[in-house]
Amino acid sequence: MAADLRLSDALDRVKPSATIAVTTKAAELKRAGHDVIGLGAGEPDFDTPENIKAAGIRAIQEGKTKYTPADGLPELKEAICGKFKRENGLTYTPAQIHVAPGGKPVIYNALVATLNPGDEVICPAPYWVSYPEMVLMAGGEPVKVECGPNSSYKLTPEALEAAITPNTKWLILNSPSNPTGAAYTRDELKALADVLLRHPHVWVMTDDMYEHLVYDDFEFTTIAQVEPALWERTLTINGVSKAYAMTGWRIGYAGGPDKLIKAMSKVISQTTSNPCSISQYAAIEALNGPQDFLPVRKAAYQARRDMVVEGLNKAPGLHCPTPEGAFYVYPSCAGVLGKTAPSGKVIETDEDFATELLETEKVAVVFGAAFGLSPAFRVSYATSEEALKEALTRIQRFCEALK
């Protein structure tokens, strides 16, 4: 008889990714022959630009397929320093840059390198599903701070002040946000920075992955740029996944103070080691090469956003605000709670709503509870206009059928 495998206590604290679960369920239904429209994935439908693909191919042909330094090629670190200076007004040396196989490992490496039992990490909700789970895996305690529609799904200075304790180690900021698309203005970041300056033991982890996807003349800024006095305790995180449509290439990066970056390098040296060498050479081209496709794709996303917001607001019981960036909207479904679906199921939660929508109309969305704030759901509009139009028709039909 096989011995019973006892899993780690840390893993018992963690839930699987809800966004991946929705995408998997939608794929299963598609394989079974159903006409499913997946609005759950946070992934651009655009292809990686040709010059970036060519750089990856060239790296293979030139035999650049060996190990690199654990936390990134010197040439890539130089390109990242150039990007931070050029676009964000932030000065880093290559020794202050960390490169990992995606943005998620960058965050995880920082948390593992810094958290001790009892350390708290403030996670404004709605949050990306992985933030609190990674905090738990790293031995810390996520502190959820609800940021509802009244504050445009953004953390207020008052809420931040109330959440800080002597045990607070990090604040995680994500702007533009996954799942809401909400983005902080310069003034809003300055107000948060003023609170943080009064609490010098709190570090800031700012996830800027959707930096280039902001709309309606919104000006993106990041907190260390707005308040240089916070530079010494800020980890500014970015990557090539979203703007450059390179999700599968797996390159995330960050800039931060020497001691933190050195600690993160120790973590990566004993876990994944270096990101894929080929992907690193492609990322150099992404950062240093032509950027002319960015405004073109941004305009396409903005048109989709406007169409999706308008369409969702036509569905009885739904209310969808217009976000500043990313490629998500986060409509409230409070108006449909208590109603009965065609299946006879009473819609009591946003998870019920998402489940019944998938079963009845074959549209996959992610329920709001996964992001820490209900009742709502996330729609990703990183898909074709044709698919979005059909999905909106189905969502409207589903809501109209609720009794």
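Kindly indicate the residue of segment 281-308 that is within 21 Å of the chain's Cα centre (by Cα) and open to solvent by less than 10 Å² (accessible area, probe 1.4 Å) and also farthest from Tyr108 (Cα to Cα) among those meeting that condition. Result: Val308.
When you scan segment 174-188, how many residues do you find that are surrounded by fewer than 24 Cβ atoms within 10 Å (Cβ to Cβ) and either at pLDDT below 95 or not hydroxyl-bearing (Ser, Thr, Tyr) (or both)?
Looking only at segment 174-188, we keep the residues that are surrounded by fewer than 24 Cβ atoms within 10 Å (Cβ to Cβ), and these are 185-188.
Narrowing the set further to residues that are either at pLDDT below 95 or not hydroxyl-bearing (Ser, Thr, Tyr) (or both) leaves 186-188.
So the answer is 3.
If you go through segment 67-102 and keep only what is of a type in the set (S, T, N, Q) and more than 22 Å from the chain's Cα centre (by Cα), you end up with Thr68, Thr91, Thr93, Gln96. Only residues that are among the charged types (D, E, K, R) and either in a loop (DSSP other than H, G, I, E, B) or closer than 16 Å to Val240 by Cβ (or both) were counted in segment 26-56, giving 6. Quick check on segment 375-384. Is at least one of its residues in a loop (DSSP other than H, G, I, E, B), over 26 Å from Ser177 (Cα atoms), touching a residue at least 40 places away in the same chain (Cβ under 8 Å) and open to solvent by less than 20 Å² (accessible area, probe 1.4 Å)? There is no residue in segment 375-384 that is in a loop (DSSP other than H, G, I, E, B), over 26 Å from Ser177 (Cα atoms), touching a residue at least 40 places away in the same chain (Cβ under 8 Å) and open to solvent by less than 20 Å² (accessible area, probe 1.4 Å).
The set of residues in segment 340-368 being surrounded by fewer than 24 Cβ atoms within 10 Å (Cβ to Cβ), assigned to a helix (DSSP H, G or I) and without any contact (Cβ under 8 Å) to a residue 60 or more places away in the chain consists of Glu351, Asp352, Thr355, Glu356, Glu359, Thr360, Glu361. Contact map, segment 160-177: first residue under 23 Å from Asn238 (Cα atoms) and charged (D, E, K, R), second residue assigned to a strand (DSSP E or B) and open to solvent by less than 50 Å² (accessible area, probe 1.4 Å), Cβ cut-off under 7 Å, separation 6 or more or different chains; pairs are Lys169/Glu120; Lys169/Val121. Screening Leu7 on (1) open to solvent by less than 60 Å² (accessible area, probe 1.4 Å); (2) more than 27 Å from Tyr281 (Cα to Cα); (3) not hydroxyl-bearing (Ser, Thr, Tyr) shows it passes everything except condition (1).
How many of the residues making up segment 158-173 are open to solvent by 40 Å² or more (accessible area, probe 1.4 Å) and either in contact with a Lys or Arg (Cβ under 6 Å, 6 or more places away or on another chain) or not hydrophobic (A, V, I, L, M, F, W, C) (or both)? Show your work before the answer.
As a first pass, look at segment 158-173 and keep what is open to solvent by 40 Å² or more (accessible area, probe 1.4 Å): 158, 161-162, 165-167, 169.
From the residues that got through so far, the ones that are either in contact with a Lys or Arg (Cβ under 6 Å, 6 or more places away or on another chain) or not hydrophobic (A, V, I, L, M, F, W, C) (or both) too are 158, 161, 165-167, 169.
Qualifying residue count for the region: 6.
Please determine whether any residue of segment 128-136 is of a type outside the set (Asp, Glu), within 23 Å of Lys190 (Cα to Cα) and in a loop (DSSP other than H, G, I, E, B). Looking for residues that are of a type outside the set (Asp, Glu), within 23 Å of Lys190 (Cα to Cα) and in a loop (DSSP other than H, G, I, E, B), one finds at least one in segment 128-136, hence yes. Gly82 meets the conditions (1) under 30 Å from Ser384 (Cα atoms); (2) assigned to a helix (DSSP H, G or I) in every case but one. The failed one is (1). Among the residues in segment 103-124, are any open to solvent by less than 10 Å² (accessible area, probe 1.4 Å) and either at positive phi or in a loop (DSSP other than H, G, I, E, B) (or both)? Looking for residues that are open to solvent by less than 10 Å² (accessible area, probe 1.4 Å) and either at positive phi or in a loop (DSSP other than H, G, I, E, B) (or both), one finds none in segment 103-124, hence no.
The values are calculated or read from the model by the stated rules, or taken from the named source; none is laboratory data. Everything numeric here is computed off the predicted structure, so don't read it as measured data. Using ideal geometry, Cβ is built from the backbone for each residue, glycine included, and neighbour counts are taken over all protein chains shown. Surface areas here come from the heavy atoms of the whole protein model, side chains and all, with no ligands, DNA or RNA. Shrake-Rupley method; radii C 1.70, N 1.55, O 1.52, S 1.80 Å.
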